[in-house]
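Participant: My structure is below; once you've seen it, I'll send some questions.
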Amino acid sequence: MHMAKALRGAQRGAVIAAALGLMSACTSTNLNSDLAQPSQDPAKPAYAEQAVGTEAPFCPNITLREGTAILQRKVGEKLDYQASIAQATRDCRIVNGQLHIVVGVIGRVMPGLGATTRAVELPIRVAVTSGESVVYSNLGKVTVQITKGGIAQSFKYVDDGITIAQPSSRAVHIFAGFDEGPAE
């Protein structure tokens, strides 16, 4: 009798532990994993050197705007390559009385049938809005090598230059995505 109760208790504990493990896998605001740039000390991420100050009580949500998560290029009728953003995350600290934000973006580039072996440059914009006003906007670029007939290649982009006044409300949002600029 006591063995059966102990066994059921152990099974229940295992189920709870598995559920907690799955739930913790859903969080994605830690730049300590894929988005950290290599540093000289492998146990210490590169952005940690800049992560002075204190943890921010509010860190704005990050969103991929509709139509900015996928970038396709064609050569005639054939697909040259397709790039997609898989994840965007952020880390916020209070430094010298201001909100310092580090944004990380990861994704993949898949060569198409029309691809040639070369480096492609992907335009990634990070913008921060407060209400209707844009308080930060930066168009960065990341270079990725693609190979004719090759497999998808991963890319990482980090924007660690965002410093804004501490928000007085939670009407601050971060946007990230591909930005090809105005149509020509």
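The values are calculated or read from the model by the stated rules, or taken from the named source; none is laboratory data. Here the structure is a predicted model, which means the values were calculated and not measured. Don't worry about glycine lacking a Cβ; one is built from the backbone with ideal geometry, like all the others, and counts go over all protein chains shown.
Participant: Looking only at the stretch 77-95, how many residues end up being outside any strand (DSSP E or B) and either closer than 19 Å to Gln145 by Cβ or modelled with pLDDT under 95 (or both)?
Facilitator: Adding up the residues that qualify gives 0.
Participant: Looking only at the stretch 139-155, decide whether some residue is in contact (Cβ under 8 Å) with a residue 12 or more places away in the chain, surrounded by 17 or more Cβ atoms within 10 Å (Cβ to Cβ) and more than 18 Å from Ala88 (Cβ to Cβ).
Facilitator: Yes, some residue in the stretch 139-155 is in contact (Cβ under 8 Å) with a residue 12 or more places away in the chain, surrounded by 17 or more Cβ atoms within 10 Å (Cβ to Cβ) and more than 18 Å from Ala88 (Cβ to Cβ).
Participant: How about the stretch 78-112: which of its residues are over 14 Å from the mean Cα position of the chain (by Cα), closer than 17 Å to Tyr157 by Cα and among the small types (Gly, Ala, Ser)?
Facilitator: Within the stretch 78-112, just Ala83 meets the criteria.
Participant: With (1) touching a Pro at 6+ places or on another chain (Cβ under 9 Å); (2) within 30 Å of Lys78 (Cα to Cα); (3) of a type in the set (Val, Ile, Thr) as the list, and Ile124 as the residue in question, which single condition is left unmet?
Facilitator: Ile124 satisfies every listed condition except (1).
Participant: Looking only at the stretch 74-99, how many residues end up being of a type in the set (D, E, K, R) and surrounded by fewer than 16 Cβ atoms within 10 Å (Cβ to Cβ)?
Facilitator: 3
Participant: In the set Ile101, Ile124, Ile94, Ile146, which member is touching a Leu at 6+ places or on another chain (Cβ under 9 Å) and in the same structural domain as Thr54 (by TED's automatic domain parsing)?
Facilitator: From the options Ile101, Ile124, Ile94, Ile146, the qualifying one is Ile124.
Participant: Take the stretch 137-159 and flag every residue that is out of contact with any strand residue (DSSP E or B) (no Cβ under 6 Å at 6 or more places or on another chain) and of a type in the set (Ser, Thr, Tyr).
Facilitator: Within the stretch 137-159, Thr147 is the sole residue that qualifies.
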